[in-house]
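I have placed the structure first, in the form of structure tokens, so that the comments after it can refer back to it.
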Amino acid sequence: MIKVGRTNKHPEILANELSKQTGTIEKFIVEWHLEVIDNEIAEKVAHFKLRGFHHSKEYFSISVYDAHLILEKFIIPLFEIEKPVIFYSDELQKKIKVEIAKDKVKKAVELAMTL
């Protein structure tokens, strides 16, 4: 389960505040965030694109990895961001590297099968 939303604060500050609320089972961890010029529109687009995974309010049943792929694909072009400011957690960076390596192996195998 992930939370997808907007904030006018730094995401780490918001995560700390949310983690301190009564009834919070786990600590909120910022896995990914993208800086945009209009976070209200970005949030609406994000929720629309992830609607098939919607659980409740700002919560979605999708991996951070899959969500970041979907959101970067649509939000960066929407705002015409030439040099996006994106934060990736260490965990997400590892997942991205693994997926890139898997893709390279797959392409190498496909190439070898054509020889």
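The values are calculated or read from the model by the stated rules, or taken from the named source; none is laboratory data. Just so we're clear, the structure is a prediction, and the values are computed from it rather than from any experiment. Because the Cβ atoms are built from the backbone with ideal geometry, glycine has one as well, and the counts that use them run over all protein chains shown. Side chains included, ligands, DNA and RNA excluded: accessible areas come from the protein's heavy atoms. Shrake-Rupley method; radii C 1.70, N 1.55, O 1.52, S 1.80 Å.
Mind listing whichever residues of the stretch 1-32 are in contact (Cβ under 8 Å) with a residue 24 or more places away in the chain and among the charged types (D, E, K, R)?
Across the stretch 1-32, the qualifying residues are 3, 6, 31.
Quick one: is residue 35 of a type outside the set (S, T, N, Q), touching a residue at least 24 places away in the same chain (Cβ under 8 Å), within 15 Å of residue 5 (Cβ to Cβ) and surrounded by 14 or more Cβ atoms within 10 Å (Cβ to Cβ)? Explain how you work it out, then say what you get.
Numbers: of a type outside the set (S, T, N, Q): yes; touching a residue at least 24 places away in the same chain (Cβ under 8 Å): yes; within 15 Å of residue 5 (Cβ to Cβ): yes; surrounded by 14 or more Cβ atoms within 10 Å (Cβ to Cβ): no.
For residue 35, the condition - of a type outside the set (S, T, N, Q), touching a residue at least 24 places away in the same chain (Cβ under 8 Å), within 15 Å of residue 5 (Cβ to Cβ) and surrounded by 14 or more Cβ atoms within 10 Å (Cβ to Cβ) - is not met.
Can you tell me how many residues within the stretch 5-19 are of a type in the set (Val, Ile, Thr) and closer than 15 Å to residue 38 by Cα?
Taking the stretch 5-19 first, the residues of a type in the set (Val, Ile, Thr) are 7, 13.
Next cut, closer than 15 Å to residue 38 by Cα only: 7.
The total comes to 1.
Taking only the stretch 63-115 into account, find how many residues are open to solvent by 60 Å² or more (accessible area, probe 1.4 Å), touching a strand residue (DSSP E or B) at 6+ places or on another chain (Cβ under 8 Å) and in contact (Cβ under 8 Å) with a residue 60 or more places away in the chain.
1
What is the residue count in the stretch 11-32 for residues that are open to solvent by 50 Å² or more (accessible area, probe 1.4 Å), of a type in the set (A, V, I, L, M) and farther than 24 Å from residue 74 by Cα?
Number of matching residues: 2.
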